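Here's the structure, in structure tokens; my notes come after.
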Amino acid sequence: MSEELITKGAEMHRLASQLYPICRSLTGNGVRQTLAILQQQGLDISVHEVASGTPAFDWYIPEEWNVDEAYIEDSKGNRIVDFTTHNLHLLGYSEPVNRTISLAELQPHLYSLPEQPDAIPYVTSYYHRRWGFCLTHRQRETLDEGQYRVVIKSQLKPGSMTYGELIIPGESPDEILISTYVCHPSMANNELSGPVVTTFLAKWLNQLPSRRYTYRIVFLPETIGSIYYISQHLASLKKNVKAGFVVTCIGDERTYSYLPSRQENTLADRVAKHVLKHLDSEVDYYSYLDRGSDERQYCSPGVDLPVCSVMRSKYGTYPEYHTSLDDLNLVTSDGLLGGFNVLKSCLLLLEHNTRYQASVCCEPQLGRRGLYPTISSKDSANHVQDMMNLLAYADGSLDLIGIGDKINAYAGNLLPIVEKLVYEGLLLKESS
Amino acid sequence: MSEELITKGAEMHRLASQLYPICRSLTGNGVRQTLAILQQQGLDISVHEVASGTPAFDWYIPEEWNVDEAYIEDSKGNRIVDFTTHNLHLLGYSEPVNRTISLAELQPHLYSLPEQPDAIPYVTSYYHRRWGFCLTHRQRETLDEGQYRVVIKSQLKPGSMTYGELIIPGESPDEILISTYVCHPSMANNELSGPVVTTFLAKWLNQLPSRRYTYRIVFLPETIGSIYYISQHLASLKKNVKAGFVVTCIGDERTYSYLPSRQENTLADRVAKHVLKHLDSEVDYYSYLDRGSDERQYCSPGVDLPVCSVMRSKYGTYPEYHTSLDDLNLVTSDGLLGGFNVLKSCLLLLEHNTRYQASVCCEPQLGRRGLYPTISSKDSANHVQDMMNLLAYADGSLDLIGIGDKINAYAGNLLPIVEKLVYEGLLLKESS
Amino acid sequence: MSEELITKGAEMHRLASQLYPICRSLTGNGVRQTLAILQQQGLDISVHEVASGTPAFDWYIPEEWNVDEAYIEDSKGNRIVDFTTHNLHLLGYSEPVNRTISLAELQPHLYSLPEQPDAIPYVTSYYHRRWGFCLTHRQRETLDEGQYRVVIKSQLKPGSMTYGELIIPGESPDEILISTYVCHPSMANNELSGPVVTTFLAKWLNQLPSRRYTYRIVFLPETIGSIYYISQHLASLKKNVKAGFVVTCIGDERTYSYLPSRQENTLADRVAKHVLKHLDSEVDYYSYLDRGSDERQYCSPGVDLPVCSVMRSKYGTYPEYHTSLDDLNLVTSDGLLGGFNVLKSCLLLLEHNTRYQASVCCEPQLGRRGLYPTISSKDSANHVQDMMNLLAYADGSLDLIGIGDKINAYAGNLLPIVEKLVYEGLLLKESS
């Protein structure tokens, strides 16, 4: 691996570490702090605030939630569970409380996982007023009978929902949508990997000398954020978005995962499947029935966007999911880098994917153009075979991904061949 | 199983028992008696008579056949084979005879099955004049040399072919065709199960408060009956029939069977395959090349009706087929009930099968409508998942069966969900 | 096998033997001699000459090459390698040379196969001026140090490229293209089998009382020949050719092979796959990615002809390929006859392949027309079943090959049934 790539992996992990302690939720200052840190990466992210109660299709923007402090004190005055230690300790959207109660009264407000006794679970109650604390089951079992003081100094009141939007313009008004979410507290694969990898994709796109597509990159609270965003941009999204990706759970090292769009074979799906097929790694292929993130909204009937999801270990499938064990040991530099590279490959192919047409009838005479390698090796043989096959299928009906699928070659490896053949006038690029 | 269902199974078996002794053939009084008994079930079946010699496409209505008595008497005057004992003893469409002949002269007129020595075979000769007797091979082997008196008092002469037709009107002129046949003598699976199950389907349809489809239910002699019927109604059948079923061999307990229409994926095929897939029973799937009943006519080129066949043990595949062993022990209350239920499920789904369109963009907020169950169990989880999946695929392009196929859910189980969602205004039913 | 067929196999092998010694190349007198011998088979092949330097799409006709003599003499004056012994000894398109050189100087001009020490390899250098000799590796290893006289009296200069064309007219201007090549020196499967089998197909077509299709049969130098031919006839080929076959490697006994057209399911592909499927022999199915002969030109983008290849052991796959071991022991009478028969079956099916429509609604009454066999056997049962199935699928949408595929019957076996049914008026042939 190149020094540059190792550095990029490390930088991503560093950004994840910086974001990790922040208490993010659907709304609140954690989202604002997160977006501010992402802006510091040199990205011109515009930050939007949407007032609580604003309607969005079938939904309303919820009240804003902020937390000053939250803890449980035992009868001796020890803070045995404290939000400042780990923000997962507090049930998301907990209402304020300040009482001294018995263990029996406390128990219904406690959440733990008997099967994972060392994990603090991630629990929220966005649409039903509750308060609660999450803790390891091991700790819960040590709790004595007796009185406990529970303090939650939170504000749950009309405010606004915050999201970020970054438009990176290209030559065409046609857009690639990249959507990730910034509403999870201290967990790493789900979900710091998404915003971190998205940030580095944006930085990479920014520095390209030119772009064919315009990139619409959004940092949203999950579900309500994408619903609101779609409600505001439906017509233009439907008109412009040619492919899109929900970026989530993309930082561990275990596997790659693919979850199709509802329509199953859109441009986004085709490029993702092509890249993953030619990846020398394990890939788990899911069905749209396994969906669980914002593709639920982007692909819903009437929205119908060509949006799929390329992940590493998919939400809901790995043991650390939605617990404190989903941390920065699970998400690694290499894991993030692998996810980044796969999505970058998808974008790169999309930038160059078009239909090609051979310009001469019958096979061209490659020899007199020096397009046969002078030294023959297995690699060069493959290269020549790819070149001949590419010309054989360049009938103007298949795009580069389609040709790659047909001739069992990675379209990324066909790009330099295409360049040569276009230069030699043997291949014509679709004009439009 | 509910008391009501047990009763229905028993009633069907009782009706089969009542019809069993009658000697049915392509034509003759047996068919008339059978239709009269079916009318007594409260069905307004109209009975039609078609004169012998009437042309029907490439065919003519055959002469009418009736039998007064038929027996073989040995030299001692014992009736060793007698039509009154079992009507299979007489070869169908036997011409009259009254002779005393030697065993050697008799043998070419005897039919038995060496491999099934206790079975009386079912043999007919509709289009070639013959006479003959069928008997068990065991009995045949006991016949002594000597003289035998053979008496067949039958009439084979111009008369008419009889069939029954029942139209149960619905809101739409679109029709579901149900076709069964009433031309087999004392055999049970093939074929009393067909007319019996069809009769009970008709009774069930009759008592529905309303019907979307008009039901065209015909009780015909096989082959010549359906050919004649099609010849008389071709244009209207082609115009109106949206799905149809040949009902035959639907009373034993061994398996279920499906035989597609020639076009293989008509509405009838889709609903049948969907119901059978979600049945917790063995199903044998056949090809149209295995056809053998009236789908041969309904699906013939130029007729092209969407007619398939849902059966229990298919004709020609079970050992008792076309012998006296196909009796009311083979066909049971449970067997008939199973067949009835599968076809009823098909009709029920057809009644409710339409395209649905989600009415809101993005996922609706089910929580505030109380559409999430308050107590969570595995069943309720499936229910919620089915609801979400149904909404996710309700894009107006798939009908309910198609959605069920897509989301791996039985469309019958989706019906109550659809009802709730339509009531809540979250789902729109296709208007037309 | 019939006497006639044994004779035909032997005649083909005799023709191959007659052609075997001739030194064929892309151009030169060997091609002219070959075409003259094929004309002697009673075929009205027109011989065309195309001047060197004539452009053809991206190519030019090369210079003409002829050889008077070529040999290597050792220091004792022995001709140790001699073109007159085997024309593979001379590298194809060798330029003239007449020198005495050391073994060290000679070695870069020698070609042999260490893995096949008894084979003389086939090597050419059409587009790069070179001289060289090919010999067995066993002989090469015996060469002593010392001086060698190398003599090649060849002419490599502007002349012309020769090809043959035979048009056998039919009732329709629609054409079947048969393309084979005449540019290989003394090798048998690749490539005398192609011109020999093609010659006998032409003879068979010639003697047919009538032909539906016009047959365009070309004997070309590979690659440049087909490129030139296409360049001269592109519009008419695209308009008229309904199916075509590249005939090559069709004379050994090991297997049959199929290589599809680029479009994969043209009429040519359908008939070839149908015939091969019903052949009681092993068949290797290749992909268009395995192409290697003139289908590369016929199927290239913009040419897009429906041309596939039916072979016995495919070029590049058998050990004797492109060596002196590919001789008349490898290619046999039986091998040639098998190849001939498969292609003849394809042509025969194409001649009779059309859409059929049952003329009566519902099943016809075959009995009264005597179309049921009077004696029943397994064969006759299959025959009746095929007849019923054929009628059941004769809806005017499927051609005979399509019906055969649908009913799992060889269309060749359906032809006599079709004839009977057409005669009886039960089946109508598509008029156009």
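The values are calculated or read from the model by the stated rules, or taken from the named source; none is laboratory data. The structure presented is a predicted model; accordingly, all values stated were derived computationally and were not measured. All Cβ positions, even for glycine, are placed from backbone atoms using ideal geometry, and neighbour counts span all protein chains on display.
The number of residues in the stretch A:254-287 that are without any contact (Cβ under 8 Å) to a residue 12 or more places away in the chain and either of a type in the set (A, V, I, L, M, F, W, C) or within 22 Å of A:Y318 (Cα to Cα) (or both) comes to 1.
Of everything listed in (1) over 22 Å from B:I250 (Cα atoms); (2) buried (at least 23 other Cβ atoms within 10 Å of the Cβ), the single unmet condition for B:E141 is (2). Check the stretch A:342-358 and report whether any residue there is within 14 Å of another protein chain (Cβ to nearest Cβ) and surrounded by fewer than 21 Cβ atoms within 10 Å (Cβ to Cβ). Scanning the stretch A:342-358 turns up at least one residue that is within 14 Å of another protein chain (Cβ to nearest Cβ) and surrounded by fewer than 21 Cβ atoms within 10 Å (Cβ to Cβ).
Among the numbered conditions (1) within 16 Å of the chain's Cα centre (by Cα); (2) within 30 Å of A:A56 (Cβ to Cβ), the only one that B:D386 does not meet is (1).
Considering each residue of the stretch A:266-273 in turn, none proves to be surrounded by fewer than 17 Cβ atoms within 10 Å (Cβ to Cβ), on the phi < 0 side of the Ramachandran plot and not assigned by TED's automatic domain parsing to the domain that holds A:G402.
Right, A:S300: of a type in the set (S, T, Y), under 19 Å from A:T198 (Cα atoms), part of a loop (DSSP other than H, G, I, E, B) and within 14 Å of chain B (Cβ to nearest Cβ) or not? When the stated conditions are applied, A:S300 does not pass them. Among strands (runs of 3 or more DSSP E) entirely within the stretch A:91-185, having at least 1 residues that are over 29 Å from A:Q297 (Cβ atoms) and more than 14 Å from every other protein chain (Cβ to nearest Cβ) singles out A:97-102, A:147-157. State whether the residues of the stretch A:284-294 include one that is within 21 Å of A:V218 (Cβ to Cβ) and either of a type in the set (D, E) or outside the structural domain of A:H233 (by TED's automatic domain parsing) (or both). Yes, the stretch A:284-294 has at least one match.
Given the condition under 17 Å from B:V197 (Cβ atoms) and either surrounded by fewer than 16 Cβ atoms within 10 Å (Cβ to Cβ) or touching a His at 6+ places or on another chain (Cβ under 9 Å) (or both), answer yes or no: does some residue in the stretch B:42-54 qualify? Can you show your working first?
The first filter runs over the stretch B:42-54 and keeps only residues under 17 Å from B:V197 (Cβ atoms), leaving B:42-43, B:45.
Now narrow it down to the ones that are either surrounded by fewer than 16 Cβ atoms within 10 Å (Cβ to Cβ) or touching a His at 6+ places or on another chain (Cβ under 9 Å) (or both): B:42.
Yes, that holds for at least one residue.
Checking B:I37, B:I61 one by one, the residue that is among the β-branched types (V, I, T) and within 14 Å of another protein chain (Cβ to nearest Cβ) is B:I61 and no other. Within the stretch B:149-185, the set of residues being out of contact with any His (no Cβ under 9 Å at 6 or more places or on another chain) and either among the aliphatic types (A, V, I, L, M) or without any contact (Cβ under 8 Å) to a residue 12 or more places away in the chain (or both) comprises B:V151, B:I152, B:L156, B:L166, B:I167, B:I168, B:I176, B:L177, B:I178, B:V182. Across the stretch A:204-225, the number of residues qualifying as among the aliphatic types (A, V, I, L, M), in a helix (DSSP H, G or I) and more than 14 Å from every other protein chain (Cβ to nearest Cβ) comes to 1.
Looking only at residues in the stretch C:305-327 that are among the aliphatic types (A, V, I, L, M) and touching a strand residue (DSSP E or B) at 6+ places or on another chain (Cβ under 9 Å), which one is surrounded by the fewest Cβ atoms within 10 Å (Cβ to Cβ)?
C:L305
Being touching a Cys at 6+ places or on another chain (Cβ under 8 Å) and aliphatic (A, V, I, L, M) is a description that applies to C:V123. Consider the stretch C:226-245 and keep the residues that are under 10 Å from C:Y298 (Cβ atoms) and of a type in the set (G, A, S). The one that is farthest from the other protein chains (Cβ to nearest Cβ) is C:G244. If you go through the stretch C:279-297 and pick out every residue that is assigned to a helix (DSSP H, G or I) and either more than 7 Å from every other protein chain (Cβ to nearest Cβ) or touching a Leu at 6+ places or on another chain (Cβ under 8 Å) (or both), you end up with 3. Contact annotation: residue pairs with Cβ atoms under 6 Å, 6 or more positions apart or on different chains, pairing a residue in the stretch B:404-420 that is within 14 Å of chain A (Cβ to nearest Cβ) with a partner that is part of a helix (DSSP H, G or I) and of a type in the set (D, E), are B:A409/B:D386. Against the condition surrounded by fewer than 20 Cβ atoms within 10 Å (Cβ to Cβ) and at positive phi, how does C:E253 come out, does it pass? Criteria not met by C:E253.
Would you mention how many residues in the stretch C:233-266 are in a helix (DSSP H, G or I) and touching a strand residue (DSSP E or B) at 6+ places or on another chain (Cβ under 8 Å)? Spell out the reasoning first.
Residues of the stretch C:233-266 in a helix (DSSP H, G or I): C:233-240.
Filter again for touching a strand residue (DSSP E or B) at 6+ places or on another chain (Cβ under 8 Å), leaving C:237, C:240.
Of the residues in that region, 2 qualify.
Screening A:Y288, A:Y298, A:Y318 for residues that are within 16 Å of the chain's Cα centre (by Cα), aromatic (F, W, Y) and at pLDDT 95 or above leaves exactly one candidate, A:Y298. When you check A:N382 against the structure, is it assigned to a helix (DSSP H, G or I) and surrounded by fewer than 19 Cβ atoms within 10 Å (Cβ to Cβ), yes or no? Answer is yes for this residue.
Answer yes or no: is there a residue in the stretch A:365-377 that is part of a loop (DSSP other than H, G, I, E, B), surrounded by fewer than 22 Cβ atoms within 10 Å (Cβ to Cβ) and at pLDDT 95 or above.
No, the conditions are met nowhere in the stretch A:365-377.
Is it the case that C:L26 is buried (at least 17 other Cβ atoms within 10 Å of the Cβ) and over 30 Å from C:P158 (Cα atoms)?
no
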